[in-house]
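K.L.:
Handing you a structure now.
The values are calculated or read from the model by the stated rules, or taken from the named source; none is laboratory data. Fair warning: this is a prediction, and the values are worked out from it, not measured in the lab. FYI the Cβ positions are ideal-geometry reconstructions off the backbone, even for glycines, and counts take in every protein chain you see.
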Protein chains: 2
Amino acid sequence: MENNENSGKPQFFTEYFYYKSLGFTTKIKEVLHSEETPFQKIDVYQTESIGKLLTLNGKTMVSDLDEFVYHEVLAHVSYAVARSDQRVLIIGGGDGGVVREFVKYSNIKAIHLVEIDERVVAVSRQYFPHCTSGLDDPRVQILPKDGIKYIQEEIAPASYDIVIIDSTDPEEMAEGLFTDRFYKAINRALSADGIMLAQTENPFLDEYGLKKIYDNLRAAFPIVESFSAPIIIYPGAYWSFAFASKKYSGTDLNPSKSAQMKEISLNCKWYNPDWHRGSFALSNFHRKQIGQK
Amino acid sequence: MENNENSGKPQFFTEYFYYKSLGFTTKIKEVLHSEETPFQKIDVYQTESIGKLLTLNGKTMVSDLDEFVYHEVLAHVSYAVARSDQRVLIIGGGDGGVVREFVKYSNIKAIHLVEIDERVVAVSRQYFPHCTSGLDDPRVQILPKDGIKYIQEEIAPASYDIVIIDSTDPEEMAEGLFTDRFYKAINRALSADGIMLAQTENPFLDEYGLKKIYDNLRAAFPIVESFSAPIIIYPGAYWSFAFASKKYSGTDLNPSKSAQMKEISLNCKWYNPDWHRGSFALSNFHRKQIGQK
């Protein structure tokens, strides 16, 4: 925070990004929670205008204002395309938001959440119960493990139909989640119809090498596409996501699910199939940044 | 700026928005220009990572990083749909960026830029010559006038085929640019095939009443639609635009221009017709915020 808590001045949380040259700042009413886990620092703020805000190592992760965008997008875009969809793996995502969206589908039989830091789950249960509401569904299993080891060493080929990488930025412990070795291991972990989605940063603020990330994906999957959705609390808000699969394009929605997706959309705050298709129609800039021909 | 210029500390420009509860901050190297005109305060900063930045009354207007998005979108979305397109009016937009895009089309015969503050044009010529490069085209006429008076009192019906409202936020002198009275006057100023585009703020940070703005548009035009494009330097980056017309939907691109738009897109940094169509496919949230059934 910029100011001393007891000074009487307004308190702000500020995240600096893009080589610390830019920042997003939000006025806070109260620090609700603050702890150092073996993995990272977790803070929860009550803000003035965007509800509660969860940060990890000082980086914004989840806010009440816009959590629905990120969580709905990852779950419903993958499900709408998937031909096989009984077994879902989420790496990261300890706030539970993506799980909440997947449990809406009765034909999903198993949802595994591999979150390295159990404290993220516990803190989210306390402060974001509307995000964690799906975690007690009997189909959900929370595995407090390193997602990289889990994918590369622990599971049999074709164990999952959908894999979601709900990670932090490509640095420190999350760096390995953006390598070709990891993406190839995910390919192996996926069924023949398998689909992978991952958050891939802001193309305008290309601090981590977006083209390299997509090249790594292309080394592992025959179909690699990208789409975007706005996450207001993330650096520069324009957020890109990767869609990778063995067979299907991200705009090739499973026609047998068309009635189901229409119905699900009625209860979504963000997602609908028209938006889904439209979001894959990339600008020249987005194409260039990910090295798409 | 947050810090004293001579303190030796890094200098930041910060814009607070959404009831001053959130902010965007950018590290600056140098204040290139600062003046009070009869209408507003104009500042130009050399920033560390987003090039030059122009602000009006402390609000971000144009940066080298992303100016192409805003300017390409307003010009090419309207032109691609237009059946009549010889006479273009831009209200505001003294930085010249939208004009630069329109002069690419040889069949446009007249481009009128009604900018109330001549100093914005002069300062832009000095610091953003890549934006103002179209202003000396013989088809361009710069009118230093109040856009509201001009539209409501000075021009004959059906004077223009395309009208672009490139305005600041709906407050102070720009407030009148978002009223039903003004939109009805634009309808009158447009030819039978006429199209109007306007910037309409961030639907997530609804400080100005987005539904009311769109209701005002609906009171003036039979067809009112919305789309979005990211402007990284604007509050929350997710930016909405209104498309209003008497006859054509925003996704009903003029088929006789299809080859021309493809060719123009090759030299655009952002725009292409696929993106154009996709950007009108709105999320549930965007639809709700503008009161779309």
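K.L.:
Pick out the one residue from A:D215, A:D193 that is part of a strand (DSSP E or B), acidic (D, E) and in contact (Cβ under 8 Å) with a residue 60 or more places away in the chain.
P.N.:
Going through A:D215, A:D193 in turn, the sole match is A:D193.
K.L.:
In the range B:36-53, what residues are of a type outside the set (A, V, I, L, M, F, W, C) and touching a helix residue (DSSP H, G or I) at 6+ places or on another chain (Cβ under 7 Å)?
P.N.:
Quick first cut of the range B:36-53, residues of a type outside the set (A, V, I, L, M, F, W, C) only: B:36-38, B:40-41, B:43, B:45-49, B:51-52.
Within the range B:36-53, B:T37, B:K52 qualify.
K.L.:
A:I233: touching a residue at least 12 places away in the same chain (Cβ under 8 Å), crowded, with 24+ Cβ neighbours inside 10 Å and assigned to a loop (DSSP other than H, G, I, E, B), yes or no?
P.N.:
yes
K.L.:
Considering only helices (runs of 4 or more DSSP H) fully contained in the range B:79-181, which possess at least 3 residues that are of a type in the set (V, I, T)?
P.N.:
Answer list for the range B:79-181: B:118-127.
K.L.:
Let me ask something else about it. Within the range A:63-73, does at least one residue satisfy the condition of being away from every other protein chain (no Cβ under 14 Å), at negative phi and touching a residue at least 60 places away in the same chain (Cβ under 8 Å)?
P.N.:
no
K.L.:
Does A:S265 qualify as being exposed (fewer than 15 other Cβ atoms within 10 Å of the Cβ) and assigned by TED's automatic domain parsing to the domain that holds A:F204?
P.N.:
no
K.L.:
Between B:F227, B:F221, which is under 28 Å from B:N107 (Cα atoms), modelled with pLDDT of 95 or more, in contact with a strand residue (DSSP E or B) (Cβ under 8 Å, 6 or more places away or on another chain) and within 14 Å of chain A (Cβ to nearest Cβ)?
P.N.:
Step by step, each of B:F227, B:F221 is checked, and only B:F227 is under 28 Å from B:N107 (Cα atoms), modelled with pLDDT of 95 or more, in contact with a strand residue (DSSP E or B) (Cβ under 8 Å, 6 or more places away or on another chain) and within 14 Å of chain A (Cβ to nearest Cβ).
K.L.:
From A:V81, A:V73, which residue is under 26 Å from A:E172 (Cα atoms), at pLDDT 95 or above and among the hydrophobic types (A, V, I, L, M, F, W, C)?
P.N.:
Only one candidate qualifies: A:V73.
K.L.:
So if I check each of B:I186, B:I223, B:I232, which one is within 19 Å of the chain's Cα centre (by Cα) and over 28 Å from B:F13 (Cα atoms)?
P.N.:
B:I186
K.L.:
May I ask you to verify whether A:E154 is within 30 Å of A:K20 (Cβ to Cβ) and out of contact with any Ser or Thr (no Cβ under 9 Å at 6 or more places or on another chain)?
P.N.:
Judged against the criteria, A:E154 is not a match.
K.L.:
Considering only the range B:144-187, state which residues are of a type in the set (D, E, K, R), farther than 26 Å from B:T37 by Cβ and surrounded by fewer than 21 Cβ atoms within 10 Å (Cβ to Cβ). Let's see the steps before the verdict.
P.N.:
Filtering the range B:144-187 for residues of a type in the set (D, E, K, R) gives B:145-146, B:149, B:153-154, B:161, B:166, B:169, B:171-172, B:175, B:180-181, B:184.
Next, from what is left, pick out any that are farther than 26 Å from B:T37 by Cβ: B:161, B:180-181, B:184.
B:D180, B:R181, B:K184 - these are the residues of the range B:144-187 that are of a type in the set (D, E, K, R), farther than 26 Å from B:T37 by Cβ and surrounded by fewer than 21 Cβ atoms within 10 Å (Cβ to Cβ).
K.L.:
Oh, and also: Applying the selection to the range B:121-132, what residues are more than 17 Å from the chain's Cα centre (by Cα) and not charged (D, E, K, R)?
P.N.:
Passing the criteria: B:A122, B:V123, B:Q126, B:Y127, B:P129.
K.L.:
Is one or more of the residues making up the range B:246-263 within 12 Å of chain A (Cβ to nearest Cβ), outside any loop (DSSP other than H, G, I, E, B), modelled with pLDDT of 95 or more and in contact with a His (Cβ under 9 Å, 6 or more places away or on another chain)?
P.N.:
Checking the range B:246-263: not a single residue is within 12 Å of chain A (Cβ to nearest Cβ), outside any loop (DSSP other than H, G, I, E, B), modelled with pLDDT of 95 or more and in contact with a His (Cβ under 9 Å, 6 or more places away or on another chain).
K.L.:
So which residues in the range A:11-32 are surrounded by 14 or more Cβ atoms within 10 Å (Cβ to Cβ) and either at the interface with chain B (Cβ under 9 Å from one of its Cβ atoms) or out of contact with any strand residue (DSSP E or B) (no Cβ under 9 Å at 6 or more places or on another chain) (or both)?
P.N.:
Within the range A:11-32, A:F12, A:T14, A:Y16, A:Y18, A:S21, A:L22, A:G23, A:F24, A:T25, A:T26, A:K27 qualify.
K.L.:
Additional query: Can you say whether A:I91 is within 12 Å of chain B (Cβ to nearest Cβ) and of a type outside the set (D, E), as far as the supplied structure shows?
P.N.:
Taking the combined requirement at face value, the residue does not satisfy it.
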